[in-house]
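A.B. asks: Here's a structure for you.
The values are calculated or read from the model by the stated rules, or taken from the named source; none is laboratory data. Quantities reported herein were computed from a predicted structural model and do not represent experimental measurements. So basically every Cβ, Gly included, is an ideal-geometry build from the backbone, and we count neighbours across all protein chains shown. When the accessible area is computed, the model is the full protein with side chains, heavy atoms only, and any ligands, DNA or RNA have been set aside. Shrake-Rupley method; radii C 1.70, N 1.55, O 1.52, S 1.80 Å.
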Amino acid sequence: MSVSSEQRKEFILQILDREGKVNVLPLANRFMVSSETIRRDLDVLEREGQLRRVYGGAVRHSGYSPSEPPYALRKSQNAEEKRAIGRAAADWIEDG
């Protein structure tokens, strides 16, 4: 089964929703990739705040809310608009 990294990560999240945990070796076998590849996928998902790494796999992050994307994703969304707001706000600030 040859799938992209994004497809693997989506599948991992689906398993977490269903079972609450994932293990590296079964995922590596299912996707026919190395366990290191799965660990890298899990590391990315952890940095995005979507799961928490544990020995041998991962569990759903306790602070996860499906209605709100993780901070790592939100901070890059609408970046130019956020900068424009910051510039406009800075114009109102006077020295002293």
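A.B. asks: To the nearest 0.05, how large is the calculated FRET efficiency for Y71 and S5 if R₀ is 22 Å and r is the Cβ-Cβ distance?
C.D. replies: 0.55
A.B. asks: Please give me the summed charge of the neighbours of F31: other residues whose Cβ is under 10 Å from its Cβ, Lys and Arg +1, Asp and Glu -1.
C.D. replies: +1
A.B. asks: Moving on to the next point. At 7 Å along Cα-to-Cβ for each site, give me the label-to-label distance between W92 and A28 in nm.
C.D. replies: Computed distance between label sites W92 and A28 equals 5.4 nm.
A.B. asks: Which of I38, I15, I85 moves most in a GNM of the chain, Cα contacts under 10 Å?
C.D. replies: Evaluated over the chain, the most mobile residue of the options is I85.
A.B. asks: Explain nothing, just the number: dipole magnitude of the chain about its Cα centre with +1 on each Lys and Arg Cβ and -1 on each Asp and Glu Cβ, in debye rounded to the nearest 20.
C.D. replies: Once rounded to the nearest 20, the dipole reads 520 debye.
A.B. asks: Another question about this same structure. Pairs of Cα atoms under 8 Å, at least six residues apart: use those to get the relative contact order of the chain, whole percent.
C.D. replies: Reported as a whole number, the value is 22 percent.
A.B. asks: Let me ask you something else. Just to be sure I understand the model, the point goes 7 Å from the Cα along the line to the Cβ. What's the resulting V54 to K82 distance in nm?
C.D. replies: Reported label-point gap for V54 and K82 is 3.1 nm.
A.B. asks: Go through [x] 18.4, 63; [y] 13.0, 41; [z] 16.9, 51 and flag the label whose value is the computed Rg and Dmax of the Cα atoms in Å for this structure.
C.D. replies: Here the calculated entry is [x].
A.B. asks: Turning to a different aspect of this structure: Which value in deg cm²/dmol, rounded to the nearest 500, describes the helix-derived mean residue ellipticity at 222 nm for the chain, given -39,500 (n - 2.57) per DSSP H run of n ≥ 4 and division by the residue count?
C.D. replies: Mean residue ellipticity, 222 nm, calculated: -16500 deg cm²/dmol.
A.B. asks: Averaged per residue, what accessible surface does the chain expose to a 1.4 Å probe, in Å²?
C.D. replies: With all protein chains present, the chain gives 72 Å² per residue.
A.B. asks: Once neighbouring chains are kept in place and the probe is 1.4 Å, which whole percent of the accessible area of the chain is contributed by carbon and sulfur?
C.D. replies: The C+S portion of the solvent-accessible surface of the chain is 52 percent.
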